[in-house]
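Starting off with a structure, shown below.
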Amino acid sequence: MAGAEDEMPLSPFGPLLAEAARMRKSNLSAAIKDVDSIIDLLVAAREQVSGEDDAHKTSMVMTTLQNPVKARLEAINDDLKDVTKAQRSFGKALDRALPHRELPMEADAMADHPDLINRAIAMHLLREGQFSVASTFLLEDRKHRDQKVATSLAERVCSNVDEDGDNDMDRNDDEEKPSGLHSEDLQDRFSEMYTILAQLKERNLVPAIDWAHLHNPQLEAKGSNLEFELTKLQFVWLFKGPSVNGLPDDDSNGLGGALAYARQNFVRFQARHINEIQQLCCAVVYASNLDASPYRQIFQIDSAFEDVSISFTREFCSLLGLSAESPLYMAVTAGSIALPRLIKYTTYMKEKKTEWTTENELAFETPLPQSMIYHPIFVCPVSKEQATEDNPPMMLPCGHVICSESLKNIAAKAQRFKCPYCPLEGHARDAKQIIL
């Protein structure tokens, strides 16, 4: 069976991506330019004949206009042919990459959960900043559910009318109202997130720093260093000076502005980040030749704004109880990777007249990218057992990691215990559960 698995190729999505790129290039921009050119020609001709009583001159203007307009119309047709051809080629490539065939399943697992599917779609639209589309989608979903509820009520009323024509059904309007999805609050939250991200894209850290300072208690409770990372980057950005950051050349910018900013803002981070603060301050000595200093890596910020934007998005979504990436996007992407292999595997099993007996896992490994692997395996070096939810990995005060059960066994006979890998001792209460 392993040999059959190795021979299963993935569907050829390469040609499909190439046709998609070609279709993006073959847009209507050229046709729109030709239409604008025709409009300019007609406007110019109208101005020439406007107020003219000379019929001969008017006839000459119209005759002169004929060939250019005809040439532009032919150009428009050629432009539209290119667009149509690209769309047709993409459709054929899509049919080849994803041919129409029945999925290898007896029932749709999500068919009985339309509300969950609609919620996932609405949440994805909100996360992507498509607020108007999300509002329209939620409105249509609410109308559809109201219609279904009304139909169901009508059927129940008709089925519960007695001989006297009275409705004996116990009505409960509250139970018939669909719960619905309320996007107003989430829309406001994500609107705030995208506003701050837009400012980060423009190299403006102030809104992000203000947001992180406002939510600092919640962020620190989660072990986040977002506010310090933003403040640190702001110090470096000011340190670069107006020739790099483009900010006004005044006392709040450059080396002096960076030092003033550090004195004002680094004090509250000393307890947790004193070493990093000392490195930043010592770098001032090398301001004239920073590239040759031991601190040059700290001040290389080519990707710093992109990295801090990712961190901000992750922490913002975390405070909302959401993952940094859209679950719908991750599920669809992982499904599109796994589905071709699943279809081929199921077809192979049918040809061999065998059955897939596994219920809760695939019979073969799906090669998902590293970014989609959320459950890394940790094997306890003491018990040689794999960590589970009931037996999670625990980090000892010395930094070594063992499983919870092993820690209980080691610390069972005394309050203090010795790490099995180094001579340091510690208390079991000082060990912290970690998530790898």
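Return only the number of the condition from (1) assigned to a helix (DSSP H, G or I); (2) modelled with pLDDT of 80 or more that residue 145 does not satisfy.
In the conditions (1) assigned to a helix (DSSP H, G or I); (2) modelled with pLDDT of 80 or more, residue 145 misses (2) alone.
Moving to a separate point now. Within the stretch 316-329, track down each residue that is out of contact with any Asp or Glu (no Cβ under 8 Å at 6 or more places or on another chain) and open to solvent by less than 30 Å² (accessible area, probe 1.4 Å).
316, 317, listed by residue number.
Of the conditions (1) of a type in the set (A, V, I, L, M, F, W, C); (2) open to solvent by 10 Å² or more (accessible area, probe 1.4 Å); (3) touching a helix residue (DSSP H, G or I) at 6+ places or on another chain (Cβ under 7 Å), residue 244 fails just one. Which one is it?
Failed condition: (3).
Name the residue that is farthest from the chain's Cα centre (by Cα), counting only residues in the stretch 313-346 that are among the small types (Gly, Ala, Ser) and either more than 29 Å from residue 194 (Cβ to Cβ) or part of a helix (DSSP H, G or I) (or both).
338
What are the residues in the stretch 226-256 that are closer than 17 Å to residue 209 by Cα and small (Gly, Ala, Ser), if any?
Passing the criteria: only 252.
Given the residues 268, 272, which is the only one that is within 27 Å of residue 432 (Cβ to Cβ) and free of Cβ contacts under 8 Å to residues at least 12 places away in the same chain?
So the residue among 268, 272 that is within 27 Å of residue 432 (Cβ to Cβ) and free of Cβ contacts under 8 Å to residues at least 12 places away in the same chain is 268.
Can you go through 230, 219, 226 and tell me which one is touching a residue at least 24 places away in the same chain (Cβ under 8 Å), surrounded by 15 or more Cβ atoms within 10 Å (Cβ to Cβ) and under 20 Å from the mean Cα position of the chain (by Cα)?
226 is the lone residue from the list that is touching a residue at least 24 places away in the same chain (Cβ under 8 Å), surrounded by 15 or more Cβ atoms within 10 Å (Cβ to Cβ) and under 20 Å from the mean Cα position of the chain (by Cα).
Using the structure shown, decide if residue 234 is in the same structural domain as residue 282 (by the TED database) and within 30 Å of residue 130 (Cβ to Cβ).
No.
Right, another one. Tell me, which residue of the stretch 172-210 that is exposed (fewer than 12 other Cβ atoms within 10 Å of the Cβ) and part of a loop (DSSP other than H, G, I, E, B) is modelled with the highest pLDDT?
202
What is the residue count in the stretch 383-399 for residues that are over 34 Å from the mean Cα position of the chain (by Cα), open to solvent by 60 Å² or more (accessible area, probe 1.4 Å) and within 19 Å of residue 429 (Cβ to Cβ)?
So the answer is 1.
Pick out the one residue from 42, 73, 103 that is among the hydrophobic types (A, V, I, L, M, F, W, C), open to solvent by 80 Å² or more (accessible area, probe 1.4 Å) and modelled with pLDDT under 85.
Exactly one of 42, 73, 103 is among the hydrophobic types (A, V, I, L, M, F, W, C), open to solvent by 80 Å² or more (accessible area, probe 1.4 Å) and modelled with pLDDT under 85, namely 103.
Another one. How about the stretch 233-256: which of its residues are on the phi > 0 side of the Ramachandran plot and outside any helix (DSSP H, G or I)?
If the condition is that a residue be on the phi > 0 side of the Ramachandran plot and outside any helix (DSSP H, G or I), then 241, 246 are the ones that fit.
May I pose another question? Can you say whether residue 253 is farther than 25 Å from residue 319 by Cα and open to solvent by less than 90 Å² (accessible area, probe 1.4 Å), as far as the supplied structure shows?
yes
The values are calculated or read from the model by the stated rules, or taken from the named source; none is laboratory data. The model shown is predicted, which means the values in this text are computed figures rather than measured ones. Please note: Cβ atoms are built from the backbone with ideal geometry, for glycine as well, and neighbour counts cover all protein chains shown. Just the protein is used for accessible areas: all its heavy atoms, side chains included, with ligands, DNA and RNA removed. Shrake-Rupley method; radii C 1.70, N 1.55, O 1.52, S 1.80 Å.
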